[in-house]
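The values are calculated or read from the model by the stated rules, or taken from the named source; none is laboratory data. This one's a predicted model, so the numbers in the text were calculated from it and none came from an experiment. As a convention, Cβ positions derive from the backbone with ideal geometry for all residues, glycine included, and neighbour counts pool all protein chains shown. Please note that ligands, DNA and RNA were not included when accessible areas were found on the heavy atoms of the full protein model with its side chains. Shrake-Rupley method; radii C 1.70, N 1.55, O 1.52, S 1.80 Å.
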Amino acid sequence: VIEEIVPGCVCAREAFEDPGGGGHELLYPEEAEVIARSVPKRQREFTTVRLCARGALEELGYPPQPLLPGRRGAPGWPEGVVGSMTHCAGYRAAVVARARDVVSAGIDAEPNEPLPDGVLKSISLPVERKRLAALRAGAPRVWWDRLLFSAKESVFKTWYPLTGSELGFEEAEIEPDPDAGTFSARLLVPGPMVEGRRVEVFSGRWLTRNGLVVTAIVHQRARG
Ligand SMILES: CC(C)(COP(=O)(O)OP(=O)(O)OC[C@H]1O[C@@H](n2cnc3c(N)ncnc32)[C@H](O)[C@@H]1OP(=O)(O)O)[C@@H](O)C(=O)NCCC(=O)NCCS
């Protein structure tokens with residue numbers, strides 16, 4: 001699933017179930033320590049997504065190593081690597097790429113179901129809500145409110161490693177293209193400087209499959 005919406009320079013791995021017994025013994029001791037007191041659901045998602053990430057890193061040429069959450073939960077990748085991880089019921093995914101190819105990346109998976117009552121208003125802008133009716137009419141099988149949320153989570157996961165600062169749900173405007181399977185995320189606050197230019201928009205892709213809404217932003221380096 002995730003592989004379909006990331007460019008070729010990205011290595012991706014996903015899992016639809018956890019290893020029997022949870023796979024806890026497959027973690028490094030310092031990783032196991034992070035989730036030692038967590039509920040079993042958290043232990044399982046943390047473990048499986050790290051196995052995904054190690055598989056993706058191996059494909060990129062990196063040996064297995066601990067992947068620990070850093071500041072504000074952002075994953076610590078090996079030097080020279082950028083990446084992102086996500087988990088939701090029935091799905092875990094990780095993507096990695098070389099920092100010489102990709103500036104930052106964010107992925108997010110959610111169930112393709114309506115957001116719980118009252119959540120849409122708190123995560124969206126009036127202009128985004130206005131577009132929902134037309135989006136729904138064009139593609140009724142997609143829960144566009146959920147897609148909006150997922151896209152914003154991908155924005156945050158891309159934004160945070162670049163800036164080290166918070167970004168509110170009202171600080172990025174998502175405009176999905178229902179036909180192309182893409183979306184733009186216009187930053188409504190000054191974006192990070194990348195290669196001498198201020199980032200104003202992150203471009204992403206989305207997909208619905210297997211009862212999931214999956215979004216991905218891979219902000220690649222300019223070439224030439
Ligand atoms: C951090 C956050 C984005 C995680 O998203 P989520 O949908 O709750 O959870 P997911 O399962 O998809 O992703 C969790 C993974 O995200 C990654 N992550 C967590 N914090 C992160 C950060 N600050 N930066 C980048 N990645 C982060 C981690 O790999 C984490 O998995 P792990 O704890 O097992 O390592 C979310 O909890 C959050 O804080 N959102 C509020 C900020 C926001 O979204 N603003 C909108 C901007 S438009």
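Structure values in brief
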{"quantity": "Computed E for Glu58/Glu170 - FRET, C-beta separation, R0 30 angstrom, nearest 0.05", "calculated": "0.15"}
{"quantity": "Spin-label model distance (nm) - Ala139 vs Ala180, 7 Å beyond Cα toward Cβ", "calculated": "1.2 nm"}
{"quantity": "Amide N proximity, segment 200-222 versus Arg98 label position 7 Å along Cα-to-Cβ, cut-off under 16 Å", "calculated": "220-222"}
{"quantity": "Global geometry of segment 1-126, whether rounded, prolate or oblate, following the gyration tensor of its Cα atoms and the 1.5 cut on a/c", "calculated": "oblate"}
{"quantity": "Kyte-Doolittle at least -0.5, axis length at least 18 Å by Cα - qualifying DSSP helices, the chain", "calculated": "126-138, 144-163"}
{"quantity": "With all protein chains modelled, accessible area of Glu3 [1.4 Å, Å²]", "calculated": "120 Å²"}
{"quantity": "Ala172 long-range amide H proximity, modeled H, under 5 Å", "calculated": "Leu188"}
{"quantity": "Per-residue [θ]222 nm for the chain (sum of -39500 (n - 2.57) over DSSP H runs n ≥ 4, rounded to 500)", "calculated": "-9000 deg cm²/dmol"}
{"quantity": "Shape of segment 31-74, Cα gyration tensor, a/c cut at 1.5", "calculated": "prolate"}
{"quantity": "Cα gyration tensor category, rounded, prolate or oblate, for segment 76-224 with a/c compared to 1.5", "calculated": "prolate"}
{"quantity": "Å² of accessible area per residue within segment 50-124, as computed with a 1.4 Å probe and no ligands counted", "calculated": "42 Å²"}
{"quantity": "Cα centroid of segment 102-180 to Cα centroid of segment 36-99, whole Å", "calculated": "22 Å"}
{"quantity": "Carbon and sulfur %, accessible surface of the chain computed with the full protein complex present, 1.4 Å", "calculated": "51 percent"}
{"quantity": "Mean separation of Cα contacts under 8 Å (6+ apart) over length of segment 79-224, as relative contact order %", "calculated": "27 percent"}
{"quantity": "Cross-link partners of Lys157 among aspartates and glutamates (Cα-Cα below 13 Å; sequence separation of 8 or more within a chain)", "calculated": "Asp108, Glu166"}
{"quantity": "Assigned charges on the beta-carbon of Lys, Arg, Asp, Glu; segment 75-224 dipole about Cα centre (debye)", "calculated": "340 debye"}
